[in-house]
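The values are calculated or read from the model by the stated rules, or taken from the named source; none is laboratory data. All figures in this text were calculated on a predicted structure; none of them were measured in a lab. Quick reminder, even Gly has a Cβ in these numbers, built from the backbone with ideal geometry, and neighbours come from all protein chains shown.
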Amino acid sequence: MAETRLLDTPHGPARVHLHQGLGDRRGTLVLGHGAGGSVEAPDLQAVTAGVVALGVDVVLVEQPYRVAGRRSAAPAKQLDVAWVAVLEQLDLVPGPLLVGGRSSGARVACRTAAATGAHGVLCLAFPLVTPKGASRQDELDGAGVPVLVIQGRSDRFGMPEPGLSREVVQVDGDHALRRDHDAVVAAVTAWIAQRLTPATA
């Protein structure tokens with residue numbers, strides 16, 4: 001059962017759902033939702049269950065606009081400020097801090113990775129191409145830490161390219177990542193396991 005809390009941000013309260021890692025807690029993964037979605041998205045829930053089993057705490061963050069009952073996403077700067085404010089208030093266990101989310105949440109995590117002191121960014125269905133055809137490659141490139149992108153092969157928002165510190169895993173499905181949760185979770189847990197400190201004997 002997750003612990004739910006409201007945390008103040010400059011743009012209103014955010015809601016966090018804290019899932020404690022099993023056994024020796026060795027790090028934290030903080031995930032945000034998509035622009036019109038919620039933390040109940042099936043891929044976020046599947047990843048949460050898989051990562052908790054590694055002994056990693058998972059924190060699912062609802063942005064203030066969602067807590068206020070609005071469907072339309074807030075401007076990017078507001079999302080970033082609220083996200084950083086939430087991270088500053090979390091009581092983190094020892095170990096690496098990993099951040100990420102699906103779609104819009106992944107973008108926020110990339111843009112704020114340096115500000116939050118993250119050790120890596122997990123992008124579930126990164127929306128590489130805007131509706132007008134512009135690229136958001138600069139957000140991926142600017143993360144400054146190792147990045148894992150899980151992308152559906154038929155994602156209408158494009159397929160990011162791997163980079164020096166960026167791994168891209170293609171799975172069956174589209175932007176919703178609903179078709180093969182096992183593949184998504186396997187890629188995420190393998191990537192996170194590489195970043196964990198050894199459990200204390």
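Return the residues of the range 83-133 that are closer than 22 Å to G37 by Cβ, over 14 Å from the mean Cα position of the chain (by Cα) and of a type in the set (G, A, S); say none if nothing qualifies. The answer is A85, and nothing else.
Note on the range 140-159: residues that are part of a loop (DSSP other than H, G, I, E, B), within 14 Å of the chain's Cα centre (by Cα) and either of a type in the set (D, E) or buried (at least 22 other Cβ atoms within 10 Å of the Cβ) (or both) total 1.
Scanning the range 28-41 for residues that are part of a strand (DSSP E or B) and either of a type in the set (S, T, N, Q) or on the phi > 0 side of the Ramachandran plot (or both) returns a single hit, T28. Residues of the range 130-139 include at least one that is outside any strand (DSSP E or B), of a type in the set (V, I, T), at pLDDT below 95 and farther than 22 Å from R26 by Cα. Out of curiosity, is T4 surrounded by fewer than 16 Cβ atoms within 10 Å (Cβ to Cβ) and either modelled with pLDDT of 95 or more or in contact with a strand residue (DSSP E or B) (Cβ under 9 Å, 6 or more places away or on another chain) (or both)? The answer is yes for T4. Within the range 14-66, the set of residues being surrounded by fewer than 19 Cβ atoms within 10 Å (Cβ to Cβ) and in contact with a Pro (Cβ under 7 Å, 6 or more places away or on another chain) is empty. Let me spell it out: the conditions are (1) more than 21 Å from R15 (Cβ to Cβ); (2) outside any loop (DSSP other than H, G, I, E, B); (3) of a type in the set (A, V, I, L, M, F, W, C), and V59 meets all of them except one. Which number is the exception? Condition (1) is where V59 drops out. If you check R15, R25 for being in contact with an Asp or Glu (Cβ under 8 Å, 6 or more places away or on another chain), at pLDDT below 95 and at negative phi, only one passes: R25.
With respect to the stated conditions, V121 is modelled with pLDDT of 95 or more, within 26 Å of E40 (Cβ to Cβ) and either among the β-branched types (V, I, T) or loosely packed, with under 15 Cβ neighbours inside 10 Å (or both). Residues that are in a strand (DSSP E or B) and either surrounded by fewer than 23 Cβ atoms within 10 Å (Cβ to Cβ) or not hydrophobic (A, V, I, L, M, F, W, C) (or both) do not occur anywhere in the range 75-95.
For beta carbons closer than 6 Å, sequence separation of 6+ or different chains, a first residue in the range 158-175 that is of a type in the set (K, R) and a second that is modelled with pLDDT of 95 or more and buried (at least 18 other Cβ atoms within 10 Å of the Cβ), the qualifying pairs are R166/V147.
When each of G105, G117 is tested for being in contact with a strand residue (DSSP E or B) (Cβ under 7 Å, 6 or more places away or on another chain) and over 28 Å from D172 (Cα atoms), the lone residue that passes is G117.
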